[in-house]
Every structure is written in structure tokens, then in C-alpha cells.
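Student: My questions all concern the structure below.
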Amino acid sequence: MSPAKTDNWPVTVVSGAPGAELLREIQTVIDAAESADGNPPFSEQTLVELKATTAGPHSVLTLLTYAPENASPSMGEDLAGVAVVVGNGSEGVLEIAVHPSYRNEGVGAILANKLVEVRGLQGIKAWSHGDHEAAADLAASYGYRAVRELWRMRLVRQTPSSAGESVSHQLTADGVTLRTFVPHQDEQAWLAANAAAFSHHPEQGAMTLADLQARMAEDWFDPAGFFLAVNEADEILGFHWTKVHPARGSQAAIGEVYVVGVTPAAQGLGLGKVLTRQGIDYLHQAGLSAIMLYVDADNEAAVALYRKLGFTKWDSDVMYGPMSA
């Protein structure tokens, strides 16, 4: 284990839903870290689980460490770092956020050490969003190595489409049309199509109705930017769900190719390219000059497609796992 300078700092351990008050404190650290780094320290699924009031002790474990000068957990401004494990009890994904004011003080190490004490690392993998050097060093100190790389790619158009401009890409497959997602109608059909399209994907393919509803409840959700390719029986063959990240401080608003999927039965029809372009033009039409997306670095076909569309590598997230795995 790596010794921490902050061994005398108190750590609060919360199993299950952390509650509204702690969530506000955690969000303060998340916002500060994102403002400093330019990317969020926690994945979206982790945030969904933290906010879920039904989260149980085996699905979410939160560790919070506070600066020693004001050790009371009620003093939100002194929250120095947060570690969250999301999983099913036997397996989990760890993410750590450290407030910029307390970096280089060993905060990540004290949280990791406490996790070893209260739960252990069996079945744990860890994300480093932005692939920070400090995170790589901490991972190595526990015998962890990089096991997955997720790229963030970005497309910047100097002159966005004019607001209100009508954009519609033609589908070459007979009987296939584009429409947008209809809330309270398409949830189950989309979940089935998503599970089929991402049966190989560890996160996206496992999305549940509760996960979908949690995202639909977020301020950013807009069905007008959720495109579906359907056949004559209105069965979903493919989809492109877009997202808009609002401006934050000096950071301008940015669009996202949130998720693009095509069911196995519709492979080879060219739906992926058409749906991707439809969503990109929709976001540009909304006045967004920059669009980003996440893609696994080893997904050569997807990376090649996005490069052809003008995307370039922007940043990367790295998942760490035990060297013996």
C-alpha cells in the first residue's frame, strides 16, 4: 500500500444511497474537479446510482474524506475527496474525485486504503477519467494495470448550421424511415433494441428501464434529439441518441453523440452512418459548433467511421484492473 500524508484525516463510509445532503457535498467536489480538469471525474452511471433513492448497500459504496482542520462531515466546504464503488456486491467499478484544493496531499491514497479496509479490492476495477498521472501511480501501487481505454473524440465545425434549418438524411433500405423517440411509448422497444445492439458492451448493453427513466428525468433529455430508424412495422432497427452539455463557466456548450446503435438484424444497411450524420447535423443546427463522443480505442471500425466524419482524438479515460486479471 502507498502511505498517505492524510492518514489522520477522517473518512466517512456510506453504504447505499448517500442522501440529499451528502449528494450536495459530493456534487461540489465533482463540479470543482470538472472545472479544473475539463472532464467529469465520475461516469454518468455512477451519478445515476448515487442519485437513486433505492440504491442498496451492495450496489453503492461511498467514501468521503474531510480536511482535518474542520473534521465534521457537516462542513461541506471541507470535503477533500470522494470515492464511489458501483456494482453488485461481488464486482464493482471504483471512481475517485479529489477537490483541486487538496490535490498532491495523498487524498486518493487514503480513500483507496480505507476501501481496502472496509471492502477489499476483490472484483474491483477503476476508472481514471482523463488518464491522470497520479491515478496511474496510485493504480500501480495496488498492482493494477490499464485494461481498457476509452477515447473522447471531438468534431468542431467553424460555421454551425443555421437555426431552424431542416436536415434529413436519406435511408437506402426499403421500408425504413427515421422518426424521433416518443416518451411513454418507445421505452421497452428501445431497451430491447439497445440490448441487442450492445450485447457485447459491459455498460451500455446492461441498461435497465430504471436507468433509462433516470436519464429521461435529467434536464438535458430532449426526445427531439433521439432518432430512431424503424421498419414498416415500426420496429426499431437503429438509433442515435444525442445529448447537449450546457455551458459551464468558461466552457462553451457542447453536443454529444451520446449513443449510436444498430441491431444485428439491420447490420449492413448503412443505418449507423445515416443515423450518426442525422444527429450531428441536428446538434449543429441547434447552434453547437463542437460535438464530442466516447468510443473504445480498440473499436477500429467505429474509430475509422468517426475519423471519416471529421472527429479527432481529444482525450482518453483509462480503466485499471489487477495485473493478474
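The values are calculated or read from the model by the stated rules, or taken from the named source; none is laboratory data. Quick caveat: nothing in here was measured; it's all calculated off a predicted structure. Cβ sites come from the backbone with ideal geometry, for glycine too, and all protein chains shown count toward neighbours.
Student: Which residues, counting only those in region 230-265, are hydrophobic (A, V, I, L, M, F, W, C), more than 30 Å from SER289 (Cβ to Cβ) and modelled with pLDDT of 95 or more?
Tutor: VAL230, ALA233, ILE236, LEU237
Student: Taking the condition of being surrounded by 16 or more Cβ atoms within 10 Å (Cβ to Cβ) and out of contact with any strand residue (DSSP E or B) (no Cβ under 9 Å at 6 or more places or on another chain), how many residues in region 195-206 meet it?
Tutor: 1
Student: Of all residues in region 278-325, which are aromatic (Phe, Trp, Tyr) and over 29 Å from GLU133 (Cβ atoms)?
Tutor: Taking region 278-325 as the starting set, the residues that turn out to be aromatic (Phe, Trp, Tyr) are 282, 294, 306, 311, 314, 320.
Hit for region 278-325 is TYR282, nothing else.
Student: Still on this model: So, in region 131-141, how many residues would count as being touching a Ser or Thr at 6+ places or on another chain (Cβ under 8 Å) and either modelled with pLDDT of 95 or more or of a type in the set (Gly, Ala, Ser) (or both)?
Tutor: Of the residues in region 131-141, 4 are touching a Ser or Thr at 6+ places or on another chain (Cβ under 8 Å) and either modelled with pLDDT of 95 or more or of a type in the set (Gly, Ala, Ser) (or both).
Student: Taking the residues in region 214-229 that are among the small types (Gly, Ala, Ser) and surrounded by fewer than 16 Cβ atoms within 10 Å (Cβ to Cβ) as candidates, determine which candidate is nearest to the chain's Cα centre (by Cα).
Tutor: ALA217
Student: Next question. Have a look at THR65, THR12 and point out the one that is free of Cβ contacts under 8 Å to residues at least 60 places away in the same chain and among the hydroxyl-bearing types (Ser, Thr, Tyr). Write out each step before concluding.
Tutor: Working: THR12 fails: free of Cβ contacts under 8 Å to residues at least 60 places away in the same chain.
It is THR65.
Student: Within region 284-325, track down each residue that is under 20 Å from HIS240 (Cβ atoms), of a type in the set (A, V, I, L, M) and surrounded by 14 or more Cβ atoms within 10 Å (Cβ to Cβ).
Tutor: Residues satisfying the conditions are ALA286, LEU288, ALA290, ILE291, MET292, LEU293, VAL295, ALA302, VAL303, LEU305, LEU309.
Student: Pick out the one residue from ASP186, ASP211 that is at pLDDT below 95, in the same structural domain as GLY225 (by TED's automatic domain parsing) and surrounded by 16 or more Cβ atoms within 10 Å (Cβ to Cβ).
Tutor: ASP211
Student: Then there's this: Would you point out which residue out of VAL259, VAL274 is within 18 Å of the chain's Cα centre (by Cα), assigned by TED's automatic domain parsing to the domain that holds TRP220 and among the aliphatic types (A, V, I, L, M)? Reasoning before the result, please.
Tutor: Values: VAL274 fails: within 18 Å of the chain's Cα centre (by Cα).
Residue meeting the stated conditions: VAL259.
Student: Would you check which residues across region 230-240 are assigned to a strand (DSSP E or B) and either within 18 Å of the chain's Cα centre (by Cα) or surrounded by fewer than 19 Cβ atoms within 10 Å (Cβ to Cβ) (or both) and list them?
Tutor: Result: HIS240, single match.
Student: Within region 279-289, identify whether any single residue is touching a Lys or Arg at 6+ places or on another chain (Cβ under 6 Å) and within 16 Å of LEU178 (Cβ to Cβ), and answer yes or no.
Tutor: Within region 279-289, not a single residue is touching a Lys or Arg at 6+ places or on another chain (Cβ under 6 Å) and within 16 Å of LEU178 (Cβ to Cβ).
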